[in-house]
Amino acid sequence: MLSIPILMGGLAINYCSDTERKNMEAISPYVRIIVNYPLSAIVKTIKSIAKDNDTRNVKNLEQELVV
């Protein structure tokens, strides 16, 4: 099974309550909520996810992902 991280953020997420954010994160273990992050912090988060995630599965699907 392919595990692709999902990052959720933006103004709508910024104005959600903590309970609503926790409910969104509970949808899947791959969902991460980003609240009021500067761009540098988002890049750091993405690098951390990529480092921790097994990207070999994604590389096997590269041909299917080409648009």
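FYI, it's all coordinate maths here, none of it is from the lab. Predicted model, so just to flag it, every value in this text is computed and none were measured. Backbone-built Cβ (ideal geometry, glycine too); neighbour counts: all protein chains shown.
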Check: Using a simple spin-label model with points 7 Å from Cα along the Cα→Cβ vector, what separation in nm is obtained for Leu39 and Ala12?
Finding: 2.3 nm
Next item on the list: Grab the Cα-Cα distance for Glu25 and Lys51, subtract it from 0.36 nm times how many residues apart they are, and report the gain in nm with one decimal.
Entry: 7.3 nm
